[in-house]
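Below: the structure, in structure tokens.
Coordinate-derived values only; no laboratory data. This one's a predicted model, so the numbers in the text were calculated from it and none came from an experiment. Positions of Cβ are generated from backbone atoms using ideal geometry, with glycine treated the same way; all protein chains shown enter the neighbour counts.
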Amino acid sequence: MIFPIPREVSKQNGRLKINESLVILVPELASDSDLFLASFLSAELASRYGIAVRIRHAASIPKTERFILMGETSNPLLRQYRGAKDAPSAGGAPASEGYVLDATDQCVAIMGSDKPGAFYGLQTLLQMIERSEGSVSIPAQRIVDAPHQPFRGIYIFLPGRRHIPYFKRFVREVMAPCKLNKLIVEMDAGMQFDRHPELNAGWIDFTKDMQYTRRGRSTGPHEQFQDSGNMVFTDGGVLEKQEVADLVQYARQHHVDVIPEISTLTHSYYLLTRHRELAEIQAAEWPDTYCPSAPGSYKLAFDVMEEYIEVMKPRMVHIGHDEWRMPWGICPRCKGKDPTVLFAQDVNKIYSLLKRHNVEVAMWGDHLIERVRGNRFHRARSPEGYSYQMPGALSPQQVRELIPKDILIFNWFWDNTEEGSGEANDIEVQDFGFHQVYGNMTPEIQDYVRRSQRKSVLGGAPSYWAPTTEFNFGKDMMYDIMGCANLTWSMRPLESRDLSEKVQQALPDFRRRVAMKLWPSDDDPVTPVDISSHLNTPSGSNGLPGIEFASLRNGMVRAGDKVFDLANPEKSGGRNAILVATGGQRKESETVTIPLREDVSSVLFLHACSLPAQNSTAFRETWDNADTADLLGFYQFVYEDGLVEPAPIRYGVNILEAGWGKGHEPRNVAWQAELVDCGKQADEPITFFAFEWANPRFGKLVKEIRLEGISGFTNPEGKIVGGNSIVLVGVSVVRKRPASKDRASMSPWSKPGDAPL
């Protein structure tokens with residue numbers, strides 16, 4: 001699967017074998033871009049496939065040697081390559097960021113229209129590589145490709161220090177293959193400030209208070225609904241300036257432009273924790289909005305912006321400005337003034353500052369559309385009955401006259417399902433004269449191909465409002481990321497069911513590349529464990545939705561290199577599964593114990609649940625991200641020394657329902673699991689999911705494994721999850737690798753002096 005889907009693919013005969021006689025060619029006077037591409041490919045081939053392919057400088061294309069060549073069309077070796085082809089087959093890349101990829105049984109040539117185009121061609125090449133029966137090769141084909149839209153992004157929070165390695169792997173191993181080029185990063189007080197260190201101290205206090213009180217936001221004096229705190233990034237701390245600059249540079253190296261969001265006017269907790277005198281509602285526990293009538297608000301906000309600009313050197317800054325929820329008339333400095341005028345003045349003050357620094361401006365657009373925010377004011381009532389007015393939208397005339405039209409508008413109000421107004425909002429933003437991107441984008445956006453043809457629509461970006469971690473992104477975001485990447489790049493969108501299946505199929509490879517750990521099954525043989533004596537479910541059992549036990553396959557089944565041996569009921573007393581009830585109002589959990597008594601590198605389970613459960617997004621409980629995925633049970637690994645290591649079984653993380661292959665909610669995918677069809681009939685899938693637990697205690701014997709169903713687990717809404725079942729049909733292990741006395745003699749560099757320099 002090549003993803004996003006390319007524009008043109010022409011299959012050809014033959015394959016280019018990848019082995020250590022292949023070379024990566026660069027010109028004699030190679031550019032930094034040429035060397036980066038070559039180094040990137042060489043590193044990927046070594047780390048993924050264990051093949052050392054050397055980089056070689058050359059003045060001309062070799063006549064007989066097999067090679068890979070990448071770069072812009074100005075690359076002198078690529079000019080030679082194109083000259084050796086007839087004109088029709090050697091046409092250049094079609095557009096900005098586009099590429100042509102020619103793969104034959106002798107060579108691969110990637111011709112990018114520019115540096116990003118060559119890089120994206122390389123990402124396609126990496127997806128084309130196939131491993132089969134011990135050999136690695138690239139099928140011959142020609143691909144002509146270019147993006148549908150120029151703005152292809154993701155909105156995230158600044159990562160904390162311990163998640164910086166994941167951030168970089170995410171850029172390299174998720175954003176690059178998906179051909180995404182914009183990263184909007186909410187910053188707030190996540191970087192250490194030299195001018196205002198008190199903001200960092202206050203931000204840490206605010207973050208701790210929200211976490212320790214189990215809240216996502218504070219409320220106003222009369223329980224008014226305030227802005228979300230968005231305080232769940234940087235792990236409750238702050239990053240040094242050099243760390244932030246390094247993240248920006250790393251992203252740019254991978255053709256990702258970082259756009260900092262520096263929240264102003266609204267969502268401004270970080271500015272006000274130590275400057276309550278600048279808040280509109282100074283009596284608030286934690287004020288969320290600064291006063292636009294106080295000159296000190298701009299002195300403080302501009303100091304922060306300029307410090308971020310010095311460090312990040314952004315091309316664009318997102319200034320926020322969504323969800324102005326102030327009870328109007330309370331602030332004595334703003335009382336009697338028109339909030340729409342103050343809003344426009346605020347935008348223009350910040351716009352002027354950024355323009356002086358040659359920085360472009362983006363903002364959320366909800367307060368520019370009356371259909372979204374109401375006419376000037378709209379009424380609200382707090383839970384304790386307090387009635388008040390909140391600022392609404394500018395009038396169309398004010399938008400036309402007062403707001404600069406070179407501001408990029410983030411349109412999160414694109415949804416057509418709410419009173420059919422989404423497309424009307426698109427049209428109004430365009431008629432005002434703005435360019436726009438779809439913010440908070442999802443693959444469910446209606447009629448995207450047609451709507452995206454409007455000249456004002458530049459692309460879009462899904463948003464994630466929880467900490468930037470592997471667990472959170474894997475659990476919640478891969479469907480949105482892959483789906484939106486395909487919409488903004490490709491002119492061939494996928495139906496939601498097809499997209500969901502492709503996402504689930506792709507997740508194991510994404511996880512291998514971003515996870516900061518080893519998965520033993522990638523390197524060593526997987527051996528099935530005989531669990532026939534522990535099976536407790538007759539093959540003729542009925543009554544479990546999605547699972548017809550009589551229709552389960554028996555014998556060996558595979559998921560890539562993972563192999564499981566499913567029981568034959570005729571040889572296992574008529575049983576073919578282990579079933580453990582889970583959830584509901586049961587007072588006691590059910591447990592099945594499987595003896596092991598081995599020092600294993602990992603244990604693999606082939607399991608499913610009988611019913612769909614729930615995986616809420618992590619920002620529903622910012623203080624407890626993991627429990628936003630329903631807990632169905634857990635495996636307990638009991639070592640001989642008595643230590644017990646648990647592995648939770650969570651819906652949407654490492655398990656899904658057995659009927660998933662017949663029909664499911666498209667967003668329900670499992671980051672830590674690999675799909676395996678265990679049905680006897682191809683047209684009647686019974687979907688199980690392979691989950692690998694890597695042993696954290698090499699050298700210690702695992703005495704037994706206990707599968708235990710949970711009881712009494714409550715979801716983020718505070719409700720006990722309904723009754724369900726975990727069905728386990730296969731267990732396999734990766735055993736300790738035996739030492740080989742002959743390993744040195746097996747090495748290709750066994751003779752002194754033979755090792756490559």
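In terms of the Cα gyration tensor, with a ≥ b ≥ c the square roots of its eigenvalues, is region 520-735 rounded because a/c is under 1.5, prolate because a/b exceeds b/c, or oblate? Judged from the Cα gyration tensor, region 520-735 comes out rounded (a/c under 1.5).
Here the 3J(HN,Hα) profile of region 404-417, calculated from phi with Karplus coefficients 6.51, -1.76 and 1.60 at θ = phi - 60°, is x, 8, 8, 7, 7, 9, 8, 9, 9, 9, 8, 5, 7, 7 Hz, Gly and Pro shown as x.
Each of the peptides 621-633, 371-383 was scored by the mean count of other Cβ atoms within 10 Å over its residues; in descending order, highest first, they stand as 621-633, 371-383. Region 319-367 and region 416-481 have Cα centres lying 23 Å from one another.
Think of the chain as a dipole: +1 on every Lys or Arg Cβ, -1 on every Asp or Glu Cβ, centred on the Cα centre; then among 577, 487, 14, 14 lies furthest on the positive end. For the peptides 517-529, 337-349, residues were scored by their other Cβ atoms within 10 Å and the scores averaged per peptide; the highest-first order is 337-349, 517-529.
The distance separating the Cα centre of region 490-507 from that of region 624-640 comes to 29 Å. Ranked by the mean number of other Cβ atoms within 10 Å of their residues, highest first, the peptides 6-13, 422-429 fall in the order 422-429, 6-13. Residue-wise HN-Hα couplings along region 283-289, as the Karplus relation 6.51 cos²θ - 1.76 cosθ + 1.60 with θ = phi - 60° gives them from phi, are 7, 5, 4, 10, x, 10, 9 Hz; Gly and Pro carry x. When +1 charges are put on Lys and Arg Cβ atoms and -1 charges on Asp and Glu Cβ atoms, the dipole computed for region 520-735 relative to its Cα centre reaches about 380 debye. Normalised by the number of residues in the chain, the average gap of Cα pairs under 8 Å and 6 or more apart makes the relative contact order 10 percent. Taking label positions 7 Å along the Cα-Cβ direction at both residue 60 and residue 135, the computed distance is 3.1 nm, reported to one decimal. Please compute the length gained on full extension between residue 518 and residue 245, using 0.36 nm multiplied by the number of residues separating them and subtracting their Cα-Cα distance. Full extension of this stretch gives 95.4 nm more.
For residue 222, no residue 5 or more places off, or on another chain, has a built amide H under 5 Å of its own. Entry note, region 369-493: relative contact order of 18 percent, from Cα contacts under 8 Å with a spacing of 6+ residues.
Around the amide H of residue 553, modelled in the peptide plane, lie the amide H atoms of 679, 680, all under 5 Å away and 5 or more residues distant in sequence or on another chain. Residues in region 60-73 carry Karplus couplings, in order, of 8, 6, x, 7, 10, 6, 7, 8, 10, 9, 9, x, 6, 5 Hz; the curve used is 6.51 cos²θ - 1.76 cosθ + 1.60 with θ = phi - 60°, and Gly or Pro positions show x.
This structure gives Cα extents along the principal axes in Å, computed directly, and of (1) 83, 76, 50; (2) 85, 68, 55; (3) 85, 71, 56 that value is listed as (1). Spacing of the modelled spin labels on residue 498 and residue 581, each 7 Å from Cα toward Cβ, amounts to 4.3 nm. Of all aspartates and glutamates in the structure, those lying under 14 Å Cα to Cα from residue 337, and not within fewer than 8 positions of it along the same chain, are 280, 346. Structure note, pairs 168/562; 355/405; 208/299; 63/85; 475/703; 115/182: Cα-Cα distances above 19 angstrom occur for 168/562; 208/299; 475/703.
Cysteines of the chain lacking any other cysteine Cβ under 4.7 Å from their own Cβ: 107, 178, 291, 484, 609, 678.
In this structure, the amide hydrogen of residue 598, modeled 1.01 Å from its nitrogen in the peptide plane, lies closer than 5 angstrom to those of 702, counting only residues at least 5 positions away or on a different chain. The slack in the chain from residue 401 to residue 194, taken as 0.36 nm per residue of separation less the alpha-carbon distance, amounts to 70.7 nm. For the chain, the dipole from Cβ point charges (+1 on Lys and Arg, -1 on Asp and Glu) about the Cα centre works out to 1120 debye, to the nearest 20.
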